[in-house]
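Taking it in order: structure first as C-alpha cells, then the write-up.
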Amino acid sequence: MNRIRRQRPALLAGPYLLWSVAFTLIPLVLIFWFGMTDADNHFTWSNLAAIGNSDNLKALALALLLAAIATVLCLLLAYPIALILAGLKSGKSALIAMLFILPMWMNFLLRTIAWQNLLEHNGVINTILKALHLPELILINTPGAVILGMVYNFLPFMILPLYTVISKIDREVVMAARDLGANSWQTFARITLPLSKPGIISGITMVFVPALTTFVITDLLGGGKIQLIGNTIEQEFIQGSSWHVGSGLSIVLMVFVIASMALIAKYDPQGTGTVIGGQR
Amino acid sequence: MIKIENISKSFDGVSVLENLNLYIRENEFLTLLGPSGCGKTTLLRILGGFEEPDTGRILFEGKDISLLAPNKRPLNTVFQKDTLFYHMSVADNIAFGLKIKGQTKSYIQDKVHYALHLVGLDGFGERFPDSLSGGQAQRIQIARAIVNEPKVLLLDEPLSALDLKLRQDMQYELIRLKEELGITFIYVTHDQEEALTMSDTIVVMNGGRIQQIGTPEDIYNEPQNAFVADFIGDGNIFDAIMIRDRLVQLLGAEFECVDTGFGEMNPVDVIIRPEDVELVSPEEGTITGVVTSVIFKGVHYEMDVLAHNYHWMAHSTKMAPEGSPVGIRIDPFNIQVMHKPIREDQETLVNE
C-alpha cells in the first residue's frame, strides 16, 4: 500500500519521459551519430570542421549578429511595455497584455508571409509610396527585413517574462527607495532594473536562441539572399546535400547556444532566468 | 513641528479620512492607534508622500510639503512589510539613502557601522537580506531609515509580523532608539498595548476621524467616548442617565461620580474599568449580584458578576468563589461619564 503510493508521483512523469526519450533523446543521439560519421559510417571530425568553411563561418557570424541585434531591439521595445503593463491595474493590464500576445494566436508562417506581402517590391508599402509619388524602397531580402521578422515574431517572448518579473516587484519596495531619497530614475536604475534581471535573462534566452537558429524567417523575408547558419543546416538536410554535414553543423550551433546561455547565466547567479543554473 | 490641516482622502468614493487636523510636536513619540480601516495607515502614507490628500495640507516647520515627492521630504518610513532590497547586501541596503545623496565612502562606512550597532546587529553588513530573520530584517529597515538622519521617522506597524516576545523586546528597543536619536516618531499600530507602552501621545482614530488625543494615562483613564473606552483596555460600558452633576443612574441604581456638565436627566455612556469594580459583602454594595465565573490570570482573578442583568467584569487579587453573592461598589472617581455617540465612528465596535 505504502509502496504504491510512493511510486505514484514517479509514474505520473512516465508519459513525458516516454515522449522525451522518443522525440528528444533518440533524435539527439541520431544527430550525434550522423554528425560524427561519414557516408561509410566511419568516425570523422570533418562534419564538425565544416563550420570552418568560409561560407558556413559567414552564415554563423551573420546569424549571431542578426540574432543579437534582434534581441537587443526586442529588449528595448519590450522593457517599457512591460513596465507600463506592470504598473496598470490588473484588469487593464490583462487586456493590454492580450493585445501584445494576440499575434501569437495566428500561425507563425502566416504572420511572416504577411510581412512578405507588406515589404515586397510590389507590396503594400511600395504601392502606397508609389501612389504618393514617393521613391520606392528596397525592403524585402535585406538584413533589415530579417531582423524585423525576428523582432515581430519573438517580441512577445521578451515581453512575457519581463512583465511577469516586474509585476512581482513589491510596490512598497519601490516606495521604500523613493522614501530613502531616490528620484524616479535612480529608483529605476538601482531597484527595478536589477530586480528584473531574471526576466531580462529569460527574455534574452527566449529570443536569442530561436533567432539564432531560424531559417523560416530568412527564407521568407531574406529571399535566399541572406544566408544564416539555420538556412545552411536546412539545405544540408532538405536539399539532400548531406545529413552528416547538417548534423555536424547542428552540433556546432548547439555548442554556441549552450555557450551563450552559460555566458548569460554568469550574470544571473540565482539561476532563475535560464536552464543552466548558477553557483550560489 | 508638523501640522496636519483639514486632510481628507477617499478611495473610489469611500471616505477614509475626514477633515483631519493634528499637531505633532518635536521629539515626541506619537502613536496613531485604531482598528484596521480607521485611516491611520493612509494618514501615514500621506505624510510620507505615497498618497495625495484630496483636500488639506501638511506643514513641516511652517513649510507646505503636501506636494513634495517622497524623496524630497525630510522624513523616512519604516514599512510594515519587509521592503529590504534583496539584491543588495545589508550594508548596501543601509547605505542606499546616503549613496543617493552622494556622501563620501568613509562617511557612509561610519554611518552604516553606527546604525548596525544601534539596532544591535554589529557585523551583519556583509550578509544578504534573505539570511535574516523577521526581527532582524525589521531592524535593518529601521537602520536603513535612521542613517539618513530624518527629523521624523514614520513607522507603519513595524512589529506586527513579529512574535510576542520579540515584539516586546523591540518595543523597548524602539523607545531606547528614540531617546538616543532625539527625533520625532510617528508610529501606526492597532495594538493598544503597544501604543500604551511606547507613546508620549496617542491619537485614537476610527472611521477616518480622530476620536481622542492624549497621553496613554488620559486615554485609558478618561476615554471621551464609547469607542475609545471599548478599544483601549477592557471595560464595563453602560447606557446610563446623568441625573444631575455628580450623580449617575445605571442599571436602575444611582452611583456617585465626579463628572459635571452633562446636564440633568441626560442619556450618557459610562465606562468602569474591571480593576475599579470593587467586590464587597452584599450589605456594603451599591448593587448586588452573583459571581458566575472565576478565571485565574496570574496577577489577578478575572471574575464575571451577574448584577442587575448585566455581566460585570471585575479584576481583583482577592477571589470571590463562584456562586457566591457579592456587592459591587465603585469609587466615584473611577466612574467615567461620556457623551452619547453622535456619529457611528464613536460607537463601540460590534465584534470587539
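Throughout, read-outs are computed from the coordinates displayed, never taken from laboratory work. Not measured: the values here are computed from a predicted model. Here the Cβ is made from the backbone with ideal geometry for all residues, glycine too, and neighbour counts use every protein chain on show.
Using the Cα centre as the reference, give the magnitude of the dipole from point charges on the C-beta atoms of the protein assembly as shown (Lys, Arg: +1; Asp, Glu: -1; all else neutral), rounded to the nearest 20 debye.
Here the size comes out at about 3460 debye.
Give, rounded to the nearest 20 debye, the magnitude of the charge dipole that the stretch B:1-143 has about its Cα centre when Lys and Arg contribute +1 at Cβ and Asp and Glu contribute -1 at Cβ. List each step's numbers first, then the result.
On the way: 16 positive and 16 negative charges, 57 e Å.
In total the dipole reaches around 280 debye.
Project the alpha carbons of the stretch B:1-85 onto their principal axes and report the range along each, largest first, in whole Å.
Principal extents (Cα only, largest first): 33, 32, 24 Å.
Gap in Å between the Cα centre of the stretch A:186-255 and the Cα centre of the stretch A:68-145?
19 Å
Scan chain A and note any complete DSSP helix (H) whose C-alpha atoms cover at least 18 Å along its axis and whose Kyte-Doolittle average is -1.0 or more. The partial results should precede the final answer.
Values: long enough: A:54-87 (49 Å, 1.95); A:143-168 (37 Å, 1.36); A:197-213 (24 Å, 1.30); A:243-266 (34 Å, 1.77).
Going by DSSP H runs, the hits are A:54-87, A:143-168, A:197-213, A:243-266.
Enter the mean number of other protein chain beta carbons within 10 Å of the beta carbon of each residue in A:188-196, as an integer. It would help to have the intermediate numbers written out before the result.
Values: counts 0, 0, 7, 4, 0, 1, 4, 3, 0.
Neighbouring Cβ atoms belonging to other protein chains average 2 per residue here.
Of the options A:104, A:27, A:41, report the single residue whose Cα projects farthest towards the positive end of the charge dipole of the protein assembly as shown (beta-carbon charges: Lys, Arg +1; Asp, Glu -1).
Of the listed residues, the answer is A:41.
If the reach is capped at under 14 angstrom between alpha carbons, list the aspartates and glutamates near residue A:197, excluding any in the same chain fewer than eight residues apart.
Partners found: A:268.
Go through the stretch B:1-102 and name the trypsin sites (Lys or Arg not before Pro) that are in a DSSP coil and have 15 or fewer other Cβ atoms within 10 Å of their Cβ. The partial results should precede the final answer.
Numbers: sites: B:3, B:9, B:25, B:40, B:45, B:57, B:63, B:72, B:81, B:99, B:101; in loops: B:25, B:81, B:101.
Hits after loop and neighbour filter: B:25, B:101.
Tell me the relative contact order for the stretch A:1-114 as a rounded percent, counting alpha carbon contacts under 8 Å between residues six or more apart. Display every interim value, and only then the final one.
Details: 21 pairs, mean separation 8.9, N = 114.
Rounded, it is 8 percent for the stretch A:1-114.
Which of the pairs A:92/A:168; B:9/B:178; A:92/B:9 have their Cα atoms more than 18 Å apart in this structure? Mind showing how you got there, number by number?
On the way: A:92/A:168 16 Å; B:9/B:178 30 Å; A:92/B:9 24 Å.
Those over the limit are B:9/B:178; A:92/B:9.
Extending each Cα 7 Å along its Cβ direction at residue B:193 and residue B:308, get the distance between those two points in nm, one decimal.
Placing both labels 7 Å beyond Cα along the Cβ direction yields 3.2 nm.
Give me the percent relative contact order of chain B, please, defined on Cα pairs under 8 angstrom at least 6 residues apart. Display every interim value, and only then the final one.
Details: 756 pairs, mean separation 54.6, N = 352.
Relative CO of chain B lands at 16 percent.
Inside 10 Å of the C-beta atoms of A:169-177, what's the mean count of C-beta atoms belonging to other chains? Write down the numbers at each step before the final one.
Numbers: counts 0, 5, 3, 8, 7, 1, 8, 16, 7.
The mean count of partner-chain Cβ atoms within 10 Å per residue comes to 6.
Which semi-axis lengths, in whole Å and largest first, follow from the square roots of five times the eigenvalues of the Cα gyration tensor of the stretch A:1-131?
Working: eigenvalues 313, 232, 52 Å².
Semi-axes from the Cα gyration tensor: 40, 34, 16 Å.
May I ask you to evaluate 6.51 cos²θ - 1.76 cosθ + 1.60, the Karplus curve with θ = phi - 60°, for each residue of the stretch B:34-39 and list the ³J(HN,Hα) values in order in whole Hz, giving x for glycine and proline?
Per-residue couplings from phi come out as x, x, 5, x, 7, x Hz.
Against the longest principal axis of chain B, how steep is helix B:134-146, in degrees 0 to 90 to the nearest 10, with axes from Cα atoms?
With rounding to tens, the tilt is 70 degrees.
Using a simple spin-label model with points 7 Å from Cα along the Cα→Cβ vector, what separation in nm is obtained for residue B:114 and residue B:342?
Reported label-point gap for residue B:114 and residue B:342 is 5.0 nm.
Find how much the distance from residue B:246 to residue B:297 grows on full extension, using 0.36 nm per residue of separation minus their present alpha carbon separation; answer in nm with one decimal.
Between residue B:246 and residue B:297, full extension yields an extra 15.0 nm.
What size of dipole, in debye to the nearest 20, comes out for chain B about its Cα centre when the only charges are +1 on Lys and Arg C-beta atoms and -1 on Asp and Glu C-beta atoms? Don't skip to the answer; put the middle values down first.
On the way: 31 positive and 53 negative charges, 358 e Å.
Around 1720 debye, computed over chain B.
Convert 20 °C to kelvin, take the viscosity as 1.002 mPa s, use the Kirkwood radius over C-alpha pairs of the stretch A:47-266 as Rh, and evaluate the Stokes-Einstein diffusion coefficient in µm²/s, rounded to a whole number.
Values: Rh = 19.4 Å.
Diffusion coefficient, whole number: 110 µm²/s.
What are the principal axis extents of the Cα atoms in the stretch B:235-346, in Å, biggest first?
Extents along the principal axes: 40, 33, 23 Å.
Can you tell me the Rg and Dmax of the stretch B:130-197, counting just the alpha carbons, in angstroms?
Over the stretch B:130-197's Cα set, Rg and Dmax evaluate to 11.7, 33 Å.
Skipping prolines and chain starts, which residues have an amide H placed within reach, meaning under 5 Å, of the one on residue B:78, given they are 5 or more residues away or on another chain?
Long-range HN contacts for residue B:78: B:154, B:155, B:156.
In straight Cα distance, which aspartates and glutamates are under 12 Å from residue B:3, not counting same-chain residues fewer than 8 positions off?
B:26, B:61, B:64
Could you give me the radius of gyration and the Dmax of chain B, taking only the C-alpha atoms into account and expressing both in angstrom?
Every Cα atom of chain B included, Rg and Dmax give 24.1, 78 Å.
Compute the label zone of residue B:168 within the stretch B:183-207: residues whose backbone N is under 16 Å from the point 7 Å along Cα-to-Cβ.
Backbone N within reach: B:192-198.
Pulled fully out, how much extra length does the chain show between residue B:237 and residue B:57, if you take 0.36 nm times their separation in residues and subtract their Cα-Cα distance? Please list the in-between numbers first.
Numbers: separation 180, 0.36 × 180 = 64.80 nm, distance 3.72 nm.
Stretched fully, the residue B:237-residue B:57 segment lengthens by 61.1 nm.
What angle do you read, to the nearest 10 degrees and between 0 and 90, between the alpha-carbon axis of helix B:105-118 and the longest principal axis of chain B?
It works out to around 20 degrees.
If I stretch the segment between residue A:23 and residue A:225 completely, what's the gain in nm (0.36 nm per residue apart, minus their alpha carbon distance), one decimal? If you can, show how the numbers build up before the last one.
Numbers: separation 202, 0.36 × 202 = 72.72 nm, distance 3.27 nm.
Length difference between fully extended and current span is 69.5 nm.
Angle check, please: helix B:164-181 long axis (alpha carbons) against the longest principal axis of chain B (alpha carbons), in degrees 0 to 90, nearest 10.
Approximately 60 degrees, to the nearest ten.
At 7 Å along the Cα-to-beta-carbon direction for both residue A:39 and residue A:235, put a label point, then send me their distance in nm to one decimal.
In this crude spin-label approximation the distance works out to 1.9 nm.
So who's got an amide H within less than 5 Å of the one on residue B:206, skipping anything under 5 residues away but keeping other chains? H placed 1.01 Å off N, in plane.
Under 5 Å from the amide H of residue B:206: B:211.
Using a 10 Å cut-off around each Cβ of peptide B:73-83, what is the average number of partner chain Cβ atoms that fall inside?
Details: counts 3, 0, 1, 4, 6, 2, 6, 1, 5, 4, 9.
Mean partner shielding for this stretch: 4.
In terms of Cα to Cα distance under 25 Å, which lysines are near enough to residue B:318, apart from those fewer than 8 places away along the same chain?
Filter leaves B:297.
Using DSSP to define loop residues, name the trypsin sites (Lys or Arg not before Pro) in the stretch B:291-352 whose beta-carbon has at most 16 other beta-carbon atoms within 10 Å.
Values: sites: B:297, B:318, B:329, B:343; in loops: B:297, B:318, B:343.
Those that pass, being in a loop and sparsely packed, are B:297, B:318, B:343.
For the protein assembly as shown, build the convex hull from the C-alpha positions and give me its volume per residue in Å³. Please report the intermediate quantities before stating the final value.
Values: hull volume 171.7 nm³, N = 632.
Considering the Cα atoms of the protein assembly as shown, their hull volume per residue is 272 Å³.
With an 8 Å Cα cut-off and a minimum separation of 6 or more residues, compute the relative contact order for chain A in percent.
Values: 315 pairs, mean separation 76.5, N = 280.
Reported relative contact order: 27 percent.
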